Amino acid sequence: MNRNNILLLIPAVALLWSCNRQAKTTGPITPEDIKSHIAVLADDSLMGRKPFTEGETKTIRYISTEFKKIGLEPGDNGSYYQDVPLVEIKGTPSETMEVTGGKSTIQLHNSTDFVAFTRQESEQIDLKNSPLVFAGYGVVAPEYHWNDYAGLDVKGKTVVVLVNDPGFKSGDPKLFKGDTMTYYGRWTYKYEEAARQGAAGVIIVHQTEPASYPWSVVSSSNTGARLYLQQSNKHMDRCKVEGWMTEDAAKKIFAQAGITGDFRAMARKKDFKAIPLNMNVNLTIHNKLKYSLSHNVIGVLKGSTAPDEYIIYTAHWDHFGIGKPDAKGDSIYNGAVDNADGSATLISMAKAFSEAKEKPKRSIIFLAVTAEEQGLLGSEYYATHPVFPLNKTVANINMDALGNYGETKDISITGKGQNDLEDYIEKYAKEDGLTVVGDSKPGAGGYYRSDHFNFAKVGVPALDMNNGIVSATHEAGWAKKHQDDYTANTYHQPSDNYSPDMDASGMAQIANLLYRLGSDLANESTFPGWKQGSEFKAVRDKSMAK
């Protein structure tokens, strides 16, 4: 039964409410237009859209061709492409990681018990008898009076650290930010800090709840070739080995060191001191190196009266390419939701602005970035090599893995409470009868997990948002169940495929709210800022003072 027939069966008052609400959430961007682009971007012929592959060539050609058809100008010195120099490191770890020195040798198996990789550009990396140290959460946070490395010399050693930060599930909202992850909880930070401390290796203990995804995501995301931005020092300032181990593997090691019970609770105590495990780790990684260019795709709609001020919409075009087959034998990681739908929406957004009766006063940039799945690399490169001045960039509006479960009565702002862009969304939501909420899973650290974060780091007010968990058309709990099922069974898996039955109405709902935001920003003269207490406010204040 289609929706029109269903509406005939419900009371007239409810019908009137539904029609009114439906009118409020409409706009120039349609579900059908978004789906038409997802169907192309998530097709097997694009081979999972991995950088450095034929899949990249086909993907960026499609996006740039669409930009040209829409009428966008090339964004980088006459080209739609911004070159992003990357190094591909195809690392093959030993089949086993050996932990010696305890009551018995522990052999951990690659992919099943651990994953390991390196940024160091060397054909072979060796950890030989590297002493293991449990360094708690691996955090140095002066503002929280926290230092897991206090008095600890880790040179030549391998630190074992916990995912997330001490506040998560502590029951204390004043410990860090309670259940809301700070950047100190992100795996990227833990690798960075271990390197600053001079460690030879760093291994994060995976746990599903504090990580916000199962081990299968860690395993599938961290095997095979990995990409990094090229650095003049060939990343020799990073740890030799970065990696993860399962909770069960960690428990085996901790048990031999006499550590039992809740090690998260142990590590969050204010008097916690790092614990030498009195065991050594041995691991070898053989690498194949490839240097090449990937590409961001940039299209510009020039402003009519303030063309030297910019609003930047972003979405990442990449995914994981061809990898480990699933139970059905599917080995192409098409990433229909993550993030063909964001890239599709970017194209639809550009079309909507291009066809608007009144052209925006400020310029609008449409930026499809590469290598997000490899660590937000394309947006990091743009943020550190901006084509348009950062202090003239009004805002960044990001679109990543938009909901494929229909419209919702609530709108979720990632990292809610950060900047003034949220106030615009609050206004639109009130007009549309929608509720604005924060992250449905604040412990997942969503604000640090997509491309808007790199804009935030350089001070540009950045917004990322998505549908909430209260479906506009289904019973209570339906949308949340759908989200949880996607995370557990589809996220970063070959099963993230396009289907003609995909519900893109929620994508269009978010897209049209973000269209209103960009339209308002593009026709104002003000610059939104960061709210008091945001860690990004000082950077913006300094940038705008120039």
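Laid out as a table, the results:
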quantity: Carbon plus sulfur fraction of accessible area for the chain, probe 1.4 Å, in percent; calculated: 51
quantity: Accessible area (Å², 1.4 Å probe, nearest 10) - Arg268; calculated: 40
quantity: Inter-site label distance for Lys359 and Lys430 at 7 Å from Cα along Cβ, in nm; calculated: 3.4
quantity: Descending semi-axes in Å of region 245-360, equivalent ellipsoid built from Cα gyration tensor; calculated: 48, 23, 17
quantity: Region 47-86 shape via C-alpha gyration tensor axes, a/c threshold 1.5; calculated: oblate
quantity: Rg and Dmax [Cα atoms of region 63-134; Å; Rg one decimal, Dmax integer]; calculated: 22.5, 69
quantity: With Cα atoms, 0 to 90° folded angle of helix 187-196 axis to the chain main axis; calculated: 50
quantity: In Å², nearest 10: area of Lys537 left accessible to a 1.4 Å probe; calculated: 50
quantity: Between 0 and 90°, nearest 10: helix 31-41 axis offset from the chain longest Cα axis; calculated: 40
quantity: Stokes-Einstein D in µm²/s, Kirkwood radius over Cα pairs - region 355-404 at 10 °C with 1.306 mPa s viscosity; calculated: 121
quantity: Label-to-label distance, nm, for residues given as Lys392 and Thr112 (7 Å Cα→Cβ offset); calculated: 5.9
quantity: Restraint check, Lys190/Lys251; Lys251/Lys273; Lys103/Lys269, Cα-Cα greater than 24 Å; calculated: Lys103/Lys269
quantity: Helix 341-355 axis, angle to the chain major axis (alpha carbon atoms, nearest 10°); calculated: 30
quantity: Alpha carbon Rg of region 130-259, scaled by the compact-globule rule 2.2 N^0.38 Å; calculated: 1.06
quantity: Whole-Å semi-axes of the ellipsoid equivalent to region 337-485 (Cα gyration tensor, √5λ, descending); calculated: 26, 19, 16
quantity: Glu54 accessible area, assembled protein chains, probe 1.4 Å, Å²; calculated: 110
quantity: Pair Asp44, Lys270: separation of 7 Å Cα→Cβ label points (nm); calculated: 6.0
quantity: Under-5 Å amide H pairs with Gly415, H placed in peptide plane, nonlocal only; calculated: Asp439, Tyr447
quantity: Calculated Rg and Dmax of the chain using C-alpha coordinates, Å; calculated: 23.7, 75
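The values are calculated or read from the model by the stated rules, or taken from the named source; none is laboratory data. Quick caveat, the model's predicted, so the values are computed rather than measured. We place every Cβ from the backbone using ideal geometry, glycine too, and count neighbours over all the protein chains shown. We work out accessible area using only protein heavy atoms, side chains counted, and drop any ligands, DNA or RNA first. Shrake-Rupley method; radii C 1.70, N 1.55, O 1.52, S 1.80 Å.
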